[in-house]
Amino acid sequence: MTLAKRIGKYPVIREIAHGAVGTVFEGFDPTSGEKVAIKVLRAEHLPDHAADSAGARFQREADATRRLRHPNIVTVYEYGEQGRIRFIAMEFLKGRELRQVLRERGRLALDEAVSVMVQLLDALGHSHRQGVVHRDIKPSNVMVLDDQRIKVLDFGIARIESAAYTQLGSMLGTPTYMSPEQIRGEPADGRADLWAAGVMLYEMLVGRTPFAATGVMEVMRNVGLLEPAPVSSLVASLPPSLDEVLRRALAKKRDERFQDAGAFADALVHAVAAAEPGVDLEVAGSTPVDLDLTAAAPPPSDASRQQSP
């Protein structure tokens with residue numbers, strides 16, 4: 001789309017990312033002088049029904065995220081409309097997607113993976129307490145910042161309690177990280193997000209997802225039927241205590257999983273602490289352990305360091 005001089009009250013500096021239906025600009029808040037990221041819906045070339053769906057998802061993202069105030073969730077400042085343009089103004093983040101980090105490094109060290117998970121689970125716990133289920137937790141929706149914190153992004157398919165546009169009985173998400181109940185098209189609660197977090201933990205530890213396959217249908221079949229190999233059998237340095245944590249996180253029946261994010265984080269930290277007494281890990285909500293997520297990776301360009309549309 002053509003670079004605008006101003007979107008809402010925000011002067012625009014440059015375009016930093018674009019996708020099929022969204023463009024992200026760097027701008028600034030004229031009141032505070034702080035940088036902002038401005039995500040703009042680009043649905044002008046879509047059929048009417050697709051444009052309506054994209055618009056509903058866009059507003060859902062803004063409404064969901066505005067309910068949340070947490071250091072590990074991207075902050076949304078404003079949802080606005082300017083003529084036919086819809087936009088979301090949010091905090092400007094400097095970092096890289098966890099997906100990019102994993103692509104470059106293969107897998108993370110145990111303390112790094114646990115630090116990411118502790119922060120992610122703390123964010124999910126806050127989100128669920130506010131009645132928001134993300135439904136699309138995956139590495140490309142987690143940003144690793146330059147100061148080693150993480151931020152959860154993209155609440156565009158979130159389910160919000162009491163929201164008029166909540167969708168039930170539809171399959172939304174990314175199949176590799178979708179829970180069995182999501183694949184069956186059933187309503188998803190917070191335990192679906194915890195399943196996805198378990199898939200991410202497995203991937204960070206061994207370098208592949210537990211239900212990997214060559215096609216989407218096979219992935220979906222694996223999610224419903226396959227019991228993944230214990231991580232300690234795939235990476236010799238990983239303690240067997242992690243196997244039980246992941247077995248519970250990836251239980252096919254949601255009643256057999258961790259029932260809240262705090263229980264998952266607590267079990268993970270205690271499993272690692274019991275096996276690795278010298279590792280200083282804290283429970284969710286406290287200062288995370290140091291990460292070196294940019295090791296062995298070239299410095300990202302400015303264009304690759306921002307939110308994805």
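The values are calculated or read from the model by the stated rules, or taken from the named source; none is laboratory data. What you see is a predicted model, and the numbers here were worked out from it, not measured in a lab. Backbone-built Cβ (ideal geometry, glycine too); neighbour counts: all protein chains shown.
Restrict the check to the stretch 241-252 and report whether at least one residue is aliphatic (A, V, I, L, M), over 21 Å from Thr176 (Cβ atoms) and without any contact (Cβ under 8 Å) to a residue 40 or more places away in the chain. Spell out the reasoning first.
Start the filter on the stretch 241-252 by keeping residues that are aliphatic (A, V, I, L, M), which leaves 242, 245-246, 249-251.
Those still in the list that are over 21 Å from Thr176 (Cβ atoms) too: none.
Within the stretch 241-252, not a single residue is aliphatic (A, V, I, L, M), over 21 Å from Thr176 (Cβ atoms) and without any contact (Cβ under 8 Å) to a residue 40 or more places away in the chain.
Looking at the stretch 175-191, can you tell me whether even one residue there is part of a loop (DSSP other than H, G, I, E, B), modelled with pLDDT under 95 and β-branched (Val, Ile, Thr)? Taking every residue of the stretch 175-191 in turn, none turns out to be part of a loop (DSSP other than H, G, I, E, B), modelled with pLDDT under 95 and β-branched (Val, Ile, Thr).
Report yes if Ala123 is crowded, with 20+ Cβ neighbours inside 10 Å, at pLDDT 90 or above and of a type in the set (Gly, Ala, Ser), otherwise no. For Ala123, the condition - crowded, with 20+ Cβ neighbours inside 10 Å, at pLDDT 90 or above and of a type in the set (Gly, Ala, Ser) - is met. When residues in the stretch 68-98 are screened for being more than 22 Å from Pro11 (Cβ to Cβ) and crowded, with 16+ Cβ neighbours inside 10 Å, 8 of them pass. For the stretch 124-142, name all the residues that are under 8 Å from the mean Cα position of the chain (by Cα) and not in a loop (DSSP other than H, G, I, E, B). Pro139, Ser140, Asn141, Val142 - these are the residues of the stretch 124-142 that are under 8 Å from the mean Cα position of the chain (by Cα) and not in a loop (DSSP other than H, G, I, E, B). For the stretch 213-239, enumerate the residues that are loosely packed, with under 14 Cβ neighbours inside 10 Å, without any contact (Cβ under 8 Å) to a residue 40 or more places away in the chain and among the aliphatic types (A, V, I, L, M). Across the stretch 213-239, the qualifying residues are Met217, Leu225, Ala229, Ala236.
Mind checking which residues of the stretch 74-94 are assigned to a loop (DSSP other than H, G, I, E, B) and touching a residue at least 12 places away in the same chain (Cβ under 8 Å)?
As a first pass, look at the stretch 74-94 and keep what is assigned to a loop (DSSP other than H, G, I, E, B): 74-75, 83-84, 92-94.
Those that are assigned to a loop (DSSP other than H, G, I, E, B) and touching a residue at least 12 places away in the same chain (Cβ under 8 Å): Val74, Thr75, Arg84, Phe92, Leu93, Lys94.
Table: residues versus (1) at pLDDT 95 or above; (2) of a type in the set (Asp, Glu).
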{"position": "Val223", "(1), (2)": "no, no"}
{"position": "Asp243", "(1), (2)": "yes, yes"}
{"position": "Arg247", "(1), (2)": "yes, no"}
{"position": "Arg254", "(1), (2)": "yes, no"}
{"position": "Ala261", "(1), (2)": "yes, no"}
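Going by what's in this entry, would Val116 be described as under 13 Å from the mean Cα position of the chain (by Cα), within 22 Å of Ile38 (Cβ to Cβ) and crowded, with 24+ Cβ neighbours inside 10 Å? No, not satisfied.
A quick yes/no check of all residues on (1) of a type outside the set (A, V, I, L, M); (2) at pLDDT 90 or above; (3) in contact with a Phe, Trp or Tyr (Cβ under 8 Å, 6 or more places away or on another chain):
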residue: Leu3; (1), (2), (3): no, no, yes
residue: Lys9; (1), (2), (3): yes, yes, no
residue: Ile13; (1), (2), (3): no, yes, yes
residue: Ala17; (1), (2), (3): no, no, no
residue: Thr23; (1), (2), (3): yes, no, no
residue: Gly27; (1), (2), (3): yes, yes, yes
residue: Glu34; (1), (2), (3): yes, yes, yes
residue: Val40; (1), (2), (3): no, no, yes
